Structure formats: C-alpha cells, structure tokens
Amino acid sequence: MAVLRNDSRIILHLDYDCFYASVFEVEQPALRSLPLAVQQKQIVVTCNYEARRRGLHKLQLIKDAKRICPDVVIVLGEDLTKFRNASKELYLLVRSLVWGGRVEKLGFDELFLDVTEMIDYNISVLNPNDLTNSFFHLDRKDPTIGTAYDATHFQGSTFPVTEGSPVPTDLSSLEMRLLVASHLQGHIRSKLEHQIGFTATGGISTSKLLAKLVGSVHKPNGQTTLLPPYQSTLENESNVHRFLDEHEIRKIPGIGSRMAQKLRAHITGQEDSDAKVTVRDVRLFPGMGPPLLDKILSGLGSAKGIGTKMWSVLHGVDNSEILQGRDVPTQISIEDSYGRLDTFEAVRRELVTLSRSLIRRMRADLLDNETPPGRWRAHPRTLRLSTRPRLPPGSETGRTYHSNRISRSAPLPAFIFHLDENMDALAERLVQESVLSMFRRLHPEKSGWNLSLLNIAVTNIVESAGDQKQSSGRDIGKMFQQQETVLRDWTVQEQEPEAPVDVLPPDSEQAESDDWEDDEPLASLDCTLCGCPVPLFAHEAHMMYHSVPE
Ligand code: DCP
Ligand code: MG
C-alpha cells in the first residue's frame, strides 16, 4: 500500500541538553565543570555531561551514582517550579522568533517548530549569484533584522554525512530549503545559548517524526539535517528509509514498549523475544501492511486505524500539524504517590494538600499578573480526581503496572476563581464540596483501599475572550477538538490492554491523557520487591537493579 508523505513543510525539533541539570547550571555556573546529578526520590532523573563522562546516566539509582562517581554533586529536583519557569522562558524566546507562533511544546524540554513560511520567504530573497553572503530575514517588514549566513553549505551535520556536496542548482528544491532551515536552526540554538544559557540539540526535516529522530543523531549541542531524496526511485533508496530502517522499533516515537513487544513477538515468532527488531525487519516482513499490523496490535485496546497509522510511521510518514502556541496549558495536574493510604482522614488531608498546590499552580499559570489585582486568562471547566488502588499481591504483573488508575470528572466549581479568599480556605472548601464526593463515588467502600497515588487535575481549560492570540474568528472548541485529533495521530497512543474497564465509571477519563502539557512526571508505585517508591519511568531501571546480585 502506498503511503504519501507531505514534504512541503519544513519542521525543526529542539531538545534541550540535560535539561534539569542545565537549569541548576544556569543558576550557578560553577556547577558546569562538576559532575552534577538531579535527584527525584532515589533516582538520578538526569545528570550533566560531565557526570555522563564519568559514567553516570539518566534513571540511575542515587546509590549507584555515588558509588561510581563519589564526588558527584547531587541537587534535588522534586519541585518542578524552576523547570517549568525555564521551559516557559525558552519557549517564549523561540516563539518570538518564529512567524505565526508555530511552536509546539512537548513536555518541558522539547519543541517542534513549523518554519515553512520563513524558509519559503528566505528562499525567495536569495541571490543565486552570491549565496556565500546571504542574509536570513527574521522579519518580513524590517529587512535589517536577521543574520548573515553562507548558503553554500549546511550548518551542522547531515544524514547521511556528505563531504562538500555541491549546492543544489534548483533554489526551490527540498535540499535548498532544508539547507536554509539548517541556518535558522543554528541561529535559534545560538540565541537560546547566549541569551538564556541553554544548549539544545536540533533536528531539521519535513515532519515532527523525522525532525525529532534525526535530531538525536548528534547529541548534545549538535544539529542534524535529514538530506533528500525523501522518495525512493528505481536507482536510489530514499534517505528516509535509509535512516529510519536502522532504528530499533522501540526507538520510534509512538511505538511504546507493549507495541514493540507485540511486533517483536510476531517477527521472531517468540513470545518474549528481546531480539533487536528494526523498522526494516517489520516493514519488509512478508505480508506486512495495515491489515496485518491491525491484527498484531489488536488486543492493546488500540484506537481504530492503528494498522494504517503504524504503517505510515514505519515509512516515516507523519502529516500531523504543529499546533499554534497557547499561552496557557491545556490541563494542570498535581499528584503524589504514597506507601499506603487507607484511612479517610489520611486521604482527606492529602487531598487538601494537593488541592492547595493545584490552586497555587492555577494562579501562577492562568492569572494575568501584568495588571494587578489579576484577571483569569483562562478557565478550566472540569475537575478530575484519579486514584490508583494497589492490586492484591500476586495479581501484579509487569504489564498491569500502569493500568490501574481510576478517575472521576465533575464540573469545576466557580468559587475556585475567587481571588480574595486565601488558598488554604479554598482548598478545604474544594475538598469538602467536590473532591470528597468524587472520592466516595470512586471508592464506595469505607476503608481498605490501599491507595498508592492521588491525582487532582483541572482540565478542559478555555482561554478567556480577548486572550486568544492569533485566533480571531476561530472556533476555540473546534480548535481543541482538532488538537486532540492531531495529537492522537502523532502519538499513536497505546492504551492499556488489561485496563479494568469495568471499574471506570462512565464519565471518567483515561488517566494517561494524550495531552502534551507538562503533567507532573513523578507518578510512582512501590516496588513489589523492596517496597521503595519508584517513579513509573524508572521501574525498568529499578528492576534491573534487583536482578543484579549484590
Ligand atoms: N525527566 C523526567 N522523567 C523522565 C525523563 C526525563 O523527569 N522519565 C526530566 C529530566 C530531564 C527532562 O525531563 O532533564 C528532559 O528529559 P530528556 O530525556 O530530554 O533528558 P535531558 O534533557 O536531561 O537529557 P538529554 O541531554 O539526553 O536530552
Ligand atoms: Mg533533553
């Protein structure tokens, strides 16, 4: 089946290097030359490159890090406020450079930019007789704003590596457009570094998928352009295939661990195969195509059309759009994990604490702080409570690990927006009047729930009238709908196969939403072997730790 790629767009991807560690280094530059690790719970969530040079790596246990590098400097990274602030500052700088604000944030430390318009304009003003002395225009109206560059070579690296390849003669070719884009990418990265102090790694291609993947080729502080041809001909295989085909399937954004496992099992014929299976192995497997992929991936509770989506991804096709930047998040969510929560009073106390943080975050992120006493720039419409009861011993397999969150949603009461009441009083009232009744509906039993997680979130955030930048005449509701659809296309969400659907009340939402916004990434569960709370993302590393003899 033919899959069509839209190669008319130019997309850039940016990933800040060792992001959390860099936030501390920017605060205290003396840390740059020391091995630095950021701790959350008992885990190194990230470390700077000096630490990596000494053998440390992301998602390592703190005690291992100390053993391997005794002089490691450890800083605490559980309070996400400063990361969130740095992320916002970097995003705003990039957005100020890109026409039409076409910048999309993924988590705290990645950005996608649609720079098609800027590149096409800059191609149109190139002087073919003097490419060496070109000028990149950052402003269409003021021709003095921009930066000088040499349009006879790519900035940074390319895939595949070329040595002194001649400049394309056709200035409107994809190769020339990517070349010009590589200089814009270089300029943006240098601004981030010199104005704010963060280095970033960049990718340049025609989709989010390809830009992100090719960006990771030269890390840290590098950038890579995926060179044409993007279409195979009888004589030449496309560089998209040459590049993508070598990747282990799990490395492809959108292919999660369970999906990868199913694909591996099908290709190797072994249920628990840990063989390296590449994109090429899957793509060229006899009979492979959307129907077979549908069949292999069925049972994951996957969305309709998963086979077609995966088939596209395996061909490097991702036509999902860059979402126009929003100044406000699409949801705010606060959670914490616990050894064991079993009594009503303990739950109530924790809910008040979480509600207080939620209100603080709402005020920080959604209030207009320019004109005191403040005006809400956006209003969340929905309140959601999620919990995670621990499964009875013995019923917990690695795969049901994330699946037992349950949640309830309700309209968010209007009093939460009162600014003249203090946050403690509002938090108490929210818990008393809304959250507790949601909790009782989730857990009608009197006690003994053995909860390991509580999460309170406000979702469905709608910008206030007059604040919808670049959105004149647009139907905001539609925009949100579109956002969901576009994101679903891009992430190829896996849903939990073993999710206990019957415990999800009809109005609940799946806990792991496909929202790109910065959810607290600290969800954790106690290790079944040692009882230590381990963040979900670190589970694999933690289990490895148990499997190694002392
Ligand atoms: N992070 C986290 N939990 C994870 C992964 C990351 O809390 N499972 C945090 C710490 C990172 C930040 O998010 O600093 C960005 O994640 P990256 O994977 O991009 O890691 P870094 O930016 O730290 O390193 P790199 O230089 O490899 O991009
Ligand atoms: Mg990063």
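A few notes on this one:
- The stretch 239-270: number of residues that are over 16 Å from I296 (Cα atoms), in a loop (DSSP other than H, G, I, E, B) and open to solvent by 10 Å² or more (accessible area, probe 1.4 Å): 3
- Taking the stretch 192-206 as the range and being crowded, with 16+ Cβ neighbours inside 10 Å and either within 28 Å of Y20 (Cβ to Cβ) or within 16 Å of ligand 2 (Cβ to nearest atom) (or both) as the test, the residues that pass are L192, G197, F198, T199, A200, T201, G202, G203, I204, S205.
- In the stretch 1-21, the residues that are on the phi > 0 side of the Ramachandran plot reach residues that are within 9 Å of ligand 2 (Cβ to nearest atom) and part of a loop (DSSP other than H, G, I, E, B) with C-beta atoms within less than 9 angstrom, at least six apart or across chains, in these pairs: C18/P220.
- Top-ranked residue in the stretch 443-466 [being within 23 Å of A364 (Cβ to Cβ) and assigned to a loop (DSSP other than H, G, I, E, B); ranked as nearest to the chain's Cα centre (by Cα)]: S464
- Which listed residue is under 26 Å from G107 (Cα atoms), in contact with a Gly (Cβ under 6 Å, 6 or more places away or on another chain) and surrounded by fewer than 18 Cβ atoms within 10 Å (Cβ to Cβ), from V38, V75, V26: V26
- Hey, L90 under 27 Å from Q28 (Cα atoms), open to solvent by less than 70 Å² (accessible area, probe 1.4 Å) and within 16 Å of ligand 2 (Cβ to nearest atom) or not: yes
- Condition met for F112 (open to solvent by 60 Å² or more (accessible area, probe 1.4 Å) and either within 16 Å of ligand 1 (Cβ to nearest atom) or not in a loop (DSSP other than H, G, I, E, B) (or both)): no
- Inter-residue pairs, beta-carbon under 8 Å, first open to solvent by less than 60 Å² (accessible area, probe 1.4 Å) and in the stretch 381-404, second in a strand (DSSP E or B) and at pLDDT below 80, 6+ apart: R388/L525; R390/L525; R390/D526; Y401/L525
Table: residues versus (1) hydroxyl-bearing (S, T, Y); (2) within 30 Å of K309 (Cβ to Cβ); (3) open to solvent by less than 40 Å² (accessible area, probe 1.4 Å); (4) over 23 Å from the mean Cα position of the chain (by Cα).
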position	(1), (2), (3), (4)
S8	yes, yes, no, yes
L12	no, yes, yes, no
D15	no, yes, yes, no
S22	yes, no, yes, no
R52	no, no, no, no
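- Filtering the stretch 273-324 to residues that are of a type in the set (D, E, K, R), at pLDDT 90 or above and farther than 21 Å from L210 by Cβ leaves K276, D294, K295.
- Single residue of D327, D365 found to be in a loop (DSSP other than H, G, I, E, B), crowded, with 17+ Cβ neighbours inside 10 Å, at pLDDT below 90 and in contact with a strand residue (DSSP E or B) (Cβ under 9 Å, 6 or more places away or on another chain): D327
- Selected residue [out of contact with any Lys or Arg (no Cβ under 7 Å at 6 or more places or on another chain), more than 16 Å from ligand 1 (Cβ to nearest atom) and among the basic types (K, R)] from K66, K88: K66
- Selection within the stretch 6-26: residues that are within 14 Å of ligand 2 (Cβ to nearest atom) and assigned to a loop (DSSP other than H, G, I, E, B). The member of this set that is nearest to A211 (Cα to Cα) is D17.
- Of all residues in the stretch 191-214, those satisfying the criterion of being part of a helix (DSSP H, G or I), within 26 Å of E27 (Cβ to Cβ) and either free of Cβ contacts under 8 Å to residues at least 40 places away in the same chain or touching an Asp or Glu at 6+ places or on another chain (Cβ under 9 Å) (or both) are E193, H194, I196.
- Number of residues in the stretch 1-57 that are within 13 Å of ligand 1 (Cβ to nearest atom), at pLDDT below 95 and among the small types (G, A, S) equals 0.
- Remark: L90 falls outside the filter, which requires a residue to be closer than 25 Å to A148 by Cβ and part of a strand (DSSP E or B).
The values are calculated or read from the model by the stated rules, or taken from the named source; none is laboratory data. Model, not experiment: these values are computed from the prediction. Cβ coordinates were reconstructed from backbone atoms using ideal geometry, including for glycine residues, and neighbour counts include every protein chain displayed. Accessible surface is based on the protein model in full, side chains and every heavy atom, while ligands, DNA and RNA are left aside. Shrake-Rupley method; radii C 1.70, N 1.55, O 1.52, S 1.80 Å.
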